[in-house]
Each structure stands twice: as C-alpha cells, then as structure tokens.
Amino acid sequence: MSGQESPQLKIISPQETGLSKILHNIRENTWARIKPSKIHGVGVFAVRKISSGTNLFPETKVNFDFITWNQLGTVAPGVRKMIHDFFVDNEFGFWCPDQSMNQLNVSFYLNHSTNPNCFHNESGEIFAIKDIPIGQELTLNYSDFEEEVG
C-alpha cells in the first residue's frame, strides 16, 4: 500500500462478532459515569434517568474472596490504602475481587450516604431504590456492608 492509499475498513455485522451484547449494554445498561464529587473525591453520576428498581451494573458482576491481613502480609503503603479505599474491610481482613484488584469498575466509586439512592444486595448487584434524575450522584449506605462482614 502506498502512502496515499487509505485503509479499507470492513463493516462487520453484530452477529458476526458477538457485538450485539456490547451494543445492547451501551444502549440499555449504561447508566452512569465517574466525575468529581462534592461528597468525596470522585463519584458516580447518572447520565440518564434511572427508575427505581434498575439493576445499575448488570454486566460488571465480580465475585469476592475474603483475605485475612495475615494472608496478605506486607504490601506497599499505596496498595494498603487502595484496599481500605475500595474494599469492605474489618479487623480480620477484607473482601477482594477473586481475580485481581485490577477488576475495579465504575460501581466501586459509589460514595457513602446515610440517605442513599442505591442498594447492594447479597449477590453483589446494585439497584436504584428510588428514581434518580440525570446528573444526581449515585450513593450507597456503607454501613450495609459492615453488617455483612460483622
């Protein structure tokens, strides 16, 4: 190919590549984005109207394993801070994604509120518990997690 020719792009149908699920999630299951928060650092904000009962992150299911502090041993201070900032922990250890701490997704950035608009169920799914308008921050009551590890 000479320097003047442009590459030919082949348009592939969603059925040929499995894109239909991705396209569905973009169109139907994209509810929020990360941006600066008045509550704490960054948070998760609605990019479209969310109805009460909506499963907000159905494609981001993460399984967790409990790791004791003794099992963890010594880690860099920045890693220890990341554990405290992003995962449910107590005096015995913390719940970590079962593959890697690099499995963080947008749901890990929901901030705490004593009057939350979302709820985290026992299966790890996060649902809206009231209608949420565009631009409103999505929040959880972190004390719900403390009851699970208590």
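You will find that of N105, N115, the residue that is out of contact with any strand residue (DSSP E or B) (no Cβ under 7 Å at 6 or more places or on another chain), at pLDDT 95 or above and not β-branched (V, I, T) is N115 and no other.
Among the residues making up region 99-127, those that are over 15 Å from the mean Cα position of the chain (by Cα) and of a type outside the set (S, T, N, Q) are P116, E122. Of all residues in region 92-129, those satisfying the criterion of being over 18 Å from V44 (Cα atoms), small (G, A, S) and assigned to a loop (DSSP other than H, G, I, E, B) are S100, S123. Considering G78, G135, the condition of being under 24 Å from I39 (Cα atoms), touching a residue at least 24 places away in the same chain (Cβ under 8 Å) and surrounded by fewer than 15 Cβ atoms within 10 Å (Cβ to Cβ) is satisfied by G135 alone. Evaluate region 50-72: report whether one residue or more is in a strand (DSSP E or B), at pLDDT below 90 and either out of contact with any strand residue (DSSP E or B) (no Cβ under 6 Å at 6 or more places or on another chain) or not aromatic (F, W, Y) (or both). Within region 50-72, one or more residues are in a strand (DSSP E or B), at pLDDT below 90 and either out of contact with any strand residue (DSSP E or B) (no Cβ under 6 Å at 6 or more places or on another chain) or not aromatic (F, W, Y) (or both). Within region 31-48, residues that are part of a strand (DSSP E or B) reach partners that are basic (K, R) with beta carbons closer than 7 Å, at six or more positions or on different chains, in the pairs V42/K35; F45/R33; F45/K35. When we screen K61, K81, K130, K38 for residues that are within 17 Å of the chain's Cα centre (by Cα) and of a type in the set (D, E, K, R), the only hit is K61. Taking the listed residues F94, F127, F108, F57, the one that is out of contact with any helix residue (DSSP H, G or I) (no Cβ under 8 Å at 6 or more places or on another chain), in contact (Cβ under 8 Å) with a residue 12 or more places away in the chain, among the aromatic types (F, W, Y) and surrounded by 14 or more Cβ atoms within 10 Å (Cβ to Cβ) is F127, with no other qualifying.
The values are calculated or read from the model by the stated rules, or taken from the named source; none is laboratory data. Because the structure is a prediction, the values reported are computed rather than measured. All Cβ positions, even for glycine, are placed from backbone atoms using ideal geometry, and neighbour counts span all protein chains on display.
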